[in-house]
Each structure stands twice: as structure tokens, then as C-alpha cells.
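Step one of this worksheet: look at the structure below.
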Amino acid sequence: MAAASARCGLGLGLRLCLALGLRLPHGGHHNLRGILQQRALHTGPTVYQSDDTHSKAENSDVVNITFIDRLGNRIPVKGKVGDNVLYLAHENGIDLEGACEASLACSTCHVYVNEEHFDKLPEAVEREEDMLDMAPVLQLNSRLGCQIILTKELEGMELTLPKITRNFYVDGHVPKPH
Amino acid sequence: MVPEYYESSVVDIYEKLPVPFGLVRFGVAPDHPEVKNVINAFTQTAHHDRCSFYGNVTVGKDVSIEELKQAYHALVLTYGAETNRTLDIPGKNLLGVYSARMFVGWYNGLPENKDLNPELSSETAVILGHGNVALDVARILLSPIDVLKKTDIAGHALEAIATSKVKRVLLVGRRGPLQVAFTIKELREMINLPDTRPLLNPSDFMGLKQAVKDLPRPRKRLTELMIKTALEKSSGKEVERQAAATKEWGLQFLRSPLEIIPSNDGKRVAGIRLSVNKMEGLGESAKFVQTGDVEDLECGLVLSSIGYKSYPIDPSVPFDHRLGIIPNNLGRVLHASGLYCSGWVKRGPTGVIVTTMHDGFETAETVLGDVRSGLLDVSASKGGSKVIGALLKQRGIRPVTFPEWEKIDNVEVARGEQAGKPREKLLDVQQMIEVASQ
């Protein structure tokens, strides 16, 4: 099965940062767990198996956040202090792209942060602001997912994926051709 | 995207060159390797069992659109913009005048530009255009060799730039600072380029501080950076750095090219004559108007970076020659059935990875929506790559598969290692096919 190339953890302990998550379907055609298991990969010594997420996390370390995907589905996710939000999204089958693999060279991991938690994030560095300038539908609460690292303070944070396609209807309706 | 959303779909990719990735390999500058990380995502998609890549196949020549339509339920045209808008002024054919597109192809190892052999023997280069491609070209012309030699820049370009005499690069645009098309990351890189000093004319920025306040964030931050660079007094350290710099680059505004001035022997560029413009109107609808005054700039290299352009691929595919795109609605080609398009040939030749990515998703959603609604009839069985493969074989065309690209990839990386570079690109299509066939 497809093997993403491994990159070393971003100084976050024992983690495999996936090069880019597979885009996963909402339509239920595929077995989500099956795909996550396929993604538990074999490409380096610091492999972090998705199955281990729950057994390894100590309670004091757990940070619960919610992703709101492009269809408006709320997806609760259990992360840990120190987790990078982009890779956490990938591990949980969330549709958040990370084309440049967290190197501040694109804006594909653009998310909206809920008001309550937006101010709790450390200020964006200039390079993140520069890349955010390129993000479609930029809002005041926009941030790049790859720059958000979980802390206890971010418990309950909600991250919304921007609806970026013009024909995207919340109820899945597809417009009839002219 | 499509293989994951639709259980039984098969996606075949046909590409003219033996190697994949298009502009990510041939457009993104060599000193921007992080932007190329997206290759990992593309590779993962290509490894999907229902996705196949067939390189070295030119659609429109080796196989027709009609033949592809017979073999597939849907065709998605994503062939981008392979030519450029042309500079139509006297002197455009003098030695030393090139399109930025060809220059970029040259330093990025695009086979068709490997023999460009650009003139780098004069001190001043003029780039026409104020977009990111213009900045990329300026930066590559002025970057320290020690930086370039560790990138995947094409070998011949590295050698040529190492002996280049170019010390000054002027980016000339016909409109004003508020109309620049480049983005802040690239501008910042230029301002911080080692051993260079920026030449921004303060008078170009007078009175802009007020105008900037109400602009949308990206335009505001970009303009503020230019104003700061042009008007603010530098720190002692910066003054020293600039004084010690051996190279310089500048932005010139409100100048349009009228004529390229030949050397005494009439063969090469000696300068460029520019019309002095002024802006009329405000904001988005501001236009430039020639004042009648002219100015000459001495230079030995002129690169026109005034936009890319798409070609029509086949007479049977609708094409809007004015806009240079395939007429479409959200990626569904108008007045055609089973045809879709995505990327620059769909929207026009501007935008970065994030824009083209979202655009690709939009077209994919349109295709899937059409399958669901029945607009795209997938009931008949189609021959796909078996049929096309047989046609190509008959015609003596040898497609290069993804695993074969990976052999080329390995050779390039191995050669690069010897040279201290991420890869040493193969520059010749025949050579690529030889490696693929090993």
C-alpha cells in the first residue's frame, strides 16, 4: 500500500509525521479504521502507530479539540500536549492538506480558530503571516494548522476547515448544469 | 482525490514529458525546496493501485482527444500554460532578449530550454514584469553561487551563473506600486538577499502611506513592506551591509517597453527605451496611460515576464482565445461532453499551489457530481489504458510509467549526492527514456 515518505518528528518526541495525509471520503465508501491502519507505516525508527494513540496518552497530557470539516461535520479528536495540529488531523482522517509539510511554504493547512481559543495561541511569526496572506477567504481568526501546537490551554478548541470550493453546498447538493 | 471517493474509479495520467510533476519540478525555483515537498503527496497518489502515470505521451500528437474520449468515461484537461504572452516591440529578436519562461525552464532543466545559452556578459539586466516569476529570475541571477550550488538547479545554469557578469537587475513594470503582482514572501527574500542592495525610488512611494490603510490585508502588508524599504532610514548595520554589497536590484514603476535598442553591430541588446506612464483612476480599475515622455535604460539582457499563455490542445476542444482558457463551468467544459478541465487552462495562468489545489478539488467534485447525477454516463464499459496502450505501441510511442520515473529519480538523486545537490536533473528526453528502460 502507499507509503508516505517519513519525516523526522518536529522535535515532538516519538512521532511519525506523515508527509501528507490521504484525502479521506465522507461518503463512507471506505473503512476509516482500515485506512488509518494502512497509514500506520513502516518507514523509520520513530513510527508512531495510530492504534497506540489512546493507550499511550496519559490523562494529564490529553487535549480534546474539535475539527469542523468542510461539510460542517463536527469531529472530536483526542490529542496530547505537544501535538502538531496538522499531523493530528491526518492521524484522525481529517481532510486538512499540508502540501509543504509544515515548512511555511504554502497555505493549504489554513484553518479558522474559534474566538475563545484564538487569543490563547502564540502570535504568528512573520513567515506564517506572509503565507496566510495567500490563503483564500482569509479571516481575522485564520491560522495555519501546521503552526498550532497543542497545550492544555487549548482544551476545547474548535478548528474549522474553510469551505473553499464555489460549488460546495453544505447539504451535499450538486448544482444542475446550465 | 477521485480514487478515494469513488470505489471503482481508475485514473490514468498522460503527460508529454517522461517525468511527472510539471511546474513543481520545472517552475518552482531551485532555492525553494520546501515548496516542492508537495511531490510527496503527488507520489502517494500515483502509488494508488487505481492510478497510473504514462509519461512521454503527447496528447494531440501521439494520441488524439477523440481516441481518449472513446477509451475513457471522462477526460480532465490539466495541461496548463506552456507558452507566454509575447513582447511585440522592435528589437525583440536581438541577442540577449528572452522570455522569463524560457529562462526559468533553462535553470530548472526543462529539456526544451537546455540550449538557451543566455547572454550573461553585461552588468545590467532588465526584467519586464512585477510578478513572482520576475522576482524568481532576479533572485537566481543575483544569488551567491555558494547558495545555488547546493540546490537542484540545472548543471549548465550553475556553471553559466558562476561566470555571469550581471550585477544589477531592474524589474520594470508599466503600473504603480499598488498594482504589483508579486507576493510578500518573495519580496522579503529579495530584500534580504545576501550581498545585494535594494534600489527603490522614494518618490514612487510618496503619499502611499495613507492609501494603504484601507487596503485588504495582503495588499496592505505588501505595500507597507515596499514603503518601509524605500523610505525608512536603515539601521547602522543595514547601511553597512548595503554599502558593502556588490550587487543591486531595483523596482521601476510606470514604465512600458517601446523598443529594444541594438548594439552598434546591430546584433545584441544594448538598452531598452521605455514610455513614462501615469496612473489614472483608483483601486482595481486604475489604468496606466502613456505620458509621451520616454526614458532609456542601458542593459545587455532583457527578460520579459509578462504572463503565461495556454494553447488549444485539439480543434475538437473549445478554446477561448481572448482569455486563453477552455470555456467551462466549475471545471465542466462547455459545449462538450465528458470533458473537464482544471488548473491554469481552466482559470488562467496565475495562482500558487493552494489555489490550483483547491481548483483541482473543485473539478473533481464536478466530475463526481456529474457521475452521481447521471450527467456523466458511466454505464458503458471503456477500454482505458489497454486500448490507448495498444494504439501507442502501434505508433512506436514508449510510455514511461511511474516506477520507471522512479528509476530516473534515483539516478538524479545519486548524481546529485556526488555534487552536493538534492539531485542532478537529467536534461535530455532520450537520456530519461534510456534510464527508464534499464
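How many of the residues in the stretch B:153-174 are buried (at least 21 other Cβ atoms within 10 Å of the Cβ) and either small (Gly, Ala, Ser) or in contact with a helix residue (DSSP H, G or I) (Cβ under 7 Å, 6 or more places away or on another chain) (or both)?
7
Inspect all residues belonging to the stretch B:196-204 and state whether any of them is within 16 Å of residue B:176 (Cα to Cα), open to solvent by 40 Å² or more (accessible area, probe 1.4 Å) and either modelled with pLDDT under 95 or within 25 Å of the chain's Cα centre (by Cα) (or both).
So in the stretch B:196-204, the residues within 16 Å of residue B:176 (Cα to Cα) come out as B:199-204.
Filter again for open to solvent by 40 Å² or more (accessible area, probe 1.4 Å), leaving B:199, B:201-204.
So of that shortlist, the ones also either modelled with pLDDT under 95 or within 25 Å of the chain's Cα centre (by Cα) (or both) come out as none.
No; the residues of the stretch B:196-204 include none that is within 16 Å of residue B:176 (Cα to Cα), open to solvent by 40 Å² or more (accessible area, probe 1.4 Å) and either modelled with pLDDT under 95 or within 25 Å of the chain's Cα centre (by Cα) (or both).
Yes or no: the stretch B:401-418 includes at least one residue that is among the small types (Gly, Ala, Ser) and either under 23 Å from residue B:16 (Cβ atoms) or touching a Leu at 6+ places or on another chain (Cβ under 9 Å) (or both). Lay out the reasoning, then the answer.
Filtering the stretch B:401-418 down to residues among the small types (Gly, Ala, Ser) leaves B:414, B:416.
Adding the requirement that they be either under 23 Å from residue B:16 (Cβ atoms) or touching a Leu at 6+ places or on another chain (Cβ under 9 Å) (or both) leaves none.
Within the stretch B:401-418 (the criterion being among the small types (Gly, Ala, Ser) and either under 23 Å from residue B:16 (Cβ atoms) or touching a Leu at 6+ places or on another chain (Cβ under 9 Å) (or both)), the answer is no, since none of the residues qualifies.
Go through the stretch A:72-94 residue by residue and tally those that are open to solvent by 10 Å² or more (accessible area, probe 1.4 Å) and either part of a loop (DSSP other than H, G, I, E, B) or among the acidic types (Asp, Glu) (or both). Give the derivation first.
First, pick out the residues of the stretch A:72-94 that are open to solvent by 10 Å² or more (accessible area, probe 1.4 Å): A:72-76, A:78, A:80-82, A:87, A:91-93.
Narrowing the set further to residues that are either part of a loop (DSSP other than H, G, I, E, B) or among the acidic types (Asp, Glu) (or both) leaves A:72-73, A:81-82, A:91-93.
Count: 7.
Could you look through the stretch B:43-58, keep only residues that are among the hydroxyl-bearing types (Ser, Thr, Tyr) and within 9 Å of another protein chain (Cβ to nearest Cβ), and pick out the one that is most open to solvent (accessible area, probe 1.4 Å)? Break it down into steps so the answer makes sense when it comes.
First pass over the stretch B:43-58, keeping only residues among the hydroxyl-bearing types (Ser, Thr, Tyr): B:43, B:45, B:52, B:54, B:58.
In the following step, the residues that additionally are within 9 Å of another protein chain (Cβ to nearest Cβ) were identified as B:43, B:45.
Values: B:43: 30, B:45: 66 Å².
Of everything passing the filter in the stretch B:43-58, B:45 is most open to solvent (accessible area, probe 1.4 Å).
Could you count how many residues in the stretch B:86-111 are at pLDDT 95 or above, under 18 Å from the mean Cα position of the chain (by Cα) and either part of a loop (DSSP other than H, G, I, E, B) or not assigned by TED's automatic domain parsing to the domain that holds residue B:148 (or both)?
Looking only at that region, the number is 3.
If the requirement is being farther than 21 Å from residue B:187 by Cα and either open to solvent by less than 20 Å² (accessible area, probe 1.4 Å) or out of contact with any Cys (no Cβ under 7 Å at 6 or more places or on another chain) (or both), which of these qualifies: B:74, B:100, B:125? First the steps, then the outcome.
Values: B:100 fails: farther than 21 Å from residue B:187 by Cα; B:125 fails: farther than 21 Å from residue B:187 by Cα.
Of B:74, B:100, B:125, the one residue that is farther than 21 Å from residue B:187 by Cα and either open to solvent by less than 20 Å² (accessible area, probe 1.4 Å) or out of contact with any Cys (no Cβ under 7 Å at 6 or more places or on another chain) (or both) is B:74.
Considering only residues of the stretch A:54-71 that are open to solvent by less than 50 Å² (accessible area, probe 1.4 Å) and in a loop (DSSP other than H, G, I, E, B), which is modelled with the lowest pLDDT? Lay out the reasoning, then the answer.
Taking the stretch A:54-71 as the starting set, the residues that turn out to be open to solvent by less than 50 Å² (accessible area, probe 1.4 Å) are A:57, A:62-63, A:65-71.
Going one step further and asking which of them are in a loop (DSSP other than H, G, I, E, B), we end up with A:57, A:69-71.
On the way: A:57: 52, A:69: 94, A:70: 90, A:71: 88.
Restricting to residues being open to solvent by less than 50 Å² (accessible area, probe 1.4 Å) and in a loop (DSSP other than H, G, I, E, B), the top hit is A:57.
Report yes if some residue within the stretch B:289-310 is outside any strand (DSSP E or B) and in contact with a Phe, Trp or Tyr (Cβ under 8 Å, 6 or more places away or on another chain); otherwise report no. Lay out the reasoning, then the answer.
Pass one, the stretch B:289-310, residues outside any strand (DSSP E or B): B:299-300, B:305-307, B:310.
Restricting the remaining residues to those that are in contact with a Phe, Trp or Tyr (Cβ under 8 Å, 6 or more places away or on another chain) gives B:310.
Yes.
Out of the residues in the stretch B:347-365 meeting the condition of being within 16 Å of the chain's Cα centre (by Cα) and more than 9 Å from chain A (Cβ to nearest Cβ), tell me which one is surrounded by the fewest Cβ atoms within 10 Å (Cβ to Cβ). Can you show your working first?
Narrowing the stretch B:347-365 to residues within 16 Å of the chain's Cα centre (by Cα): B:347-357.
Next, from what is left, pick out any that are more than 9 Å from chain A (Cβ to nearest Cβ): B:347-351, B:356.
Numbers: B:347: 19, B:348: 16, B:349: 20, B:350: 14, B:351: 16, B:356: 20.
Once the filter is applied, the top-ranked residue is B:350.
Residues that are under 26 Å from the mean Cα position of the chain (by Cα) and within 14 Å of another protein chain (Cβ to nearest Cβ): does the stretch B:399-408 have at least one?
yes
Residues that are in contact (Cβ under 8 Å) with a residue 12 or more places away in the chain, of a type outside the set (S, T, N, Q), over 30 Å from residue A:136 (Cβ atoms) and outside any strand (DSSP E or B): does the stretch B:208-215 have at least one?
No, there is no match, as no residue in the stretch B:208-215 is in contact (Cβ under 8 Å) with a residue 12 or more places away in the chain, of a type outside the set (S, T, N, Q), over 30 Å from residue A:136 (Cβ atoms) and outside any strand (DSSP E or B).
Can you name the residue in the stretch B:175-194 that is open to solvent by 10 Å² or more (accessible area, probe 1.4 Å) and either assigned to a strand (DSSP E or B) or touching a strand residue (DSSP E or B) at 6+ places or on another chain (Cβ under 6 Å) (or both) and, of all such residues, is farthest from the other protein chains (Cβ to nearest Cβ)?
B:175
When you scan the stretch B:318-328, how many residues do you find that are over 16 Å from residue B:356 (Cα atoms) and either away from every other protein chain (no Cβ under 14 Å) or touching a residue at least 24 places away in the same chain (Cβ under 8 Å) (or both)?
So in the stretch B:318-328, the residues over 16 Å from residue B:356 (Cα atoms) come out as B:318-324, B:327.
Now narrow it down to the ones that are either away from every other protein chain (no Cβ under 14 Å) or touching a residue at least 24 places away in the same chain (Cβ under 8 Å) (or both): B:318-324.
Summing the residues that are over 16 Å from residue B:356 (Cα atoms) and either away from every other protein chain (no Cβ under 14 Å) or touching a residue at least 24 places away in the same chain (Cβ under 8 Å) (or both) in the stretch B:318-328 gives 7.
Considering each of B:314, B:293 in turn, give the residue that is of a type in the set (Asp, Glu) and either surrounded by 14 or more Cβ atoms within 10 Å (Cβ to Cβ) or not assigned by TED's automatic domain parsing to the domain that holds residue B:261 (or both).
Numbers: B:293 fails: either surrounded by 14 or more Cβ atoms within 10 Å (Cβ to Cβ) or not assigned by TED's automatic domain parsing to the domain that holds residue B:261 (or both).
None of the other options fit; the residue is B:314.
Assuming residue B:340 fulfils every condition listed in (1) farther than 15 Å from residue B:81 by Cα; (2) surrounded by 20 or more Cβ atoms within 10 Å (Cβ to Cβ); (3) more than 11 Å from chain A (Cβ to nearest Cβ); (4) out of contact with any Leu (no Cβ under 8 Å at 6 or more places or on another chain) apart from one, which condition is it?
Status for residue B:340: all satisfied but (4).
Let me confirm something: among B:412, B:417, which residue is surrounded by fewer than 16 Cβ atoms within 10 Å (Cβ to Cβ) and more than 14 Å from chain A (Cβ to nearest Cβ)?
Details: B:412 fails: surrounded by fewer than 16 Cβ atoms within 10 Å (Cβ to Cβ).
Only one candidate passes the filter, namely B:417.
With respect to residue A:174, determine if the residue is out of contact with any strand residue (DSSP E or B) (no Cβ under 6 Å at 6 or more places or on another chain), open to solvent by 40 Å² or more (accessible area, probe 1.4 Å), more than 9 Å from chain B (Cβ to nearest Cβ) and modelled with pLDDT under 95.
Numbers: out of contact with any strand residue (DSSP E or B) (no Cβ under 6 Å at 6 or more places or on another chain): yes; open to solvent by 40 Å² or more (accessible area, probe 1.4 Å): yes; more than 9 Å from chain B (Cβ to nearest Cβ): no; modelled with pLDDT under 95: yes.
When the stated conditions are applied, residue A:174 does not pass them.
Specify which of the listed residues (B:335, B:321) is within 26 Å of the chain's Cα centre (by Cα), open to solvent by 10 Å² or more (accessible area, probe 1.4 Å) and of a type outside the set (Ser, Thr, Tyr).
Of the residues listed, the single one that is within 26 Å of the chain's Cα centre (by Cα), open to solvent by 10 Å² or more (accessible area, probe 1.4 Å) and of a type outside the set (Ser, Thr, Tyr) is B:321.
Out of (1) more than 10 Å from chain A (Cβ to nearest Cβ); (2) open to solvent by less than 50 Å² (accessible area, probe 1.4 Å), the odd one out for residue B:92 is which?
Among (1) more than 10 Å from chain A (Cβ to nearest Cβ); (2) open to solvent by less than 50 Å² (accessible area, probe 1.4 Å), the lone unmet condition for residue B:92 is (2).
Among the residues of the stretch A:110-146, how many are more than 14 Å from chain B (Cβ to nearest Cβ) and open to solvent by 50 Å² or more (accessible area, probe 1.4 Å)?
7
Cβ-Cβ distance below 6 Å, separation of 6 or more or different chains: which pairs start in the stretch A:104-124 with a residue that is without any contact (Cβ under 8 Å) to a residue 24 or more places away in the chain and end on one that is open to solvent by less than 10 Å² (accessible area, probe 1.4 Å)?
From residues that are without any contact (Cβ under 8 Å) to a residue 24 or more places away in the chain, the pairs are A:108/A:99; A:108/B:354.
Of the conditions (1) in a loop (DSSP other than H, G, I, E, B); (2) farther than 16 Å from residue B:112 by Cβ; (3) touching a Lys or Arg at 6+ places or on another chain (Cβ under 7 Å), residue B:48 fails just one. Which one is it?
(3)
Can you tell me which residues in the stretch B:60-70 are under 21 Å from residue B:332 (Cβ atoms) and crowded, with 19+ Cβ neighbours inside 10 Å?
B:68
Residues that are more than 22 Å from residue B:356 (Cβ to Cβ), crowded, with 17+ Cβ neighbours inside 10 Å and at pLDDT 85 or above: does the stretch A:160-168 have at least one? Show your work before the answer.
Kept after step one, since they are more than 22 Å from residue B:356 (Cβ to Cβ), are these residues of the stretch A:160-168: A:160.
Subset that is crowded, with 17+ Cβ neighbours inside 10 Å: A:160.
From what is left, the residues that are at pLDDT 85 or above are A:160.
Scanning the stretch A:160-168, I find at least one residue that is more than 22 Å from residue B:356 (Cβ to Cβ), crowded, with 17+ Cβ neighbours inside 10 Å and at pLDDT 85 or above, so the answer is yes.
Out of the stretch B:6-42, which residues are open to solvent by 30 Å² or more (accessible area, probe 1.4 Å) and among the hydroxyl-bearing types (Ser, Thr, Tyr)?
The answer is B:6, B:8, B:14.
The values are calculated or read from the model by the stated rules, or taken from the named source; none is laboratory data. Bear in mind that the values here come from a model prediction, so they are computed numbers and not experimental data. A quick note on method: Cβ atoms are made from the backbone with ideal geometry, for glycine too, and the neighbour counts reach across all protein chains shown. These accessible areas exclude ligands, DNA and RNA; they are computed on the full protein's heavy atoms, side chains included. Shrake-Rupley method; radii C 1.70, N 1.55, O 1.52, S 1.80 Å.
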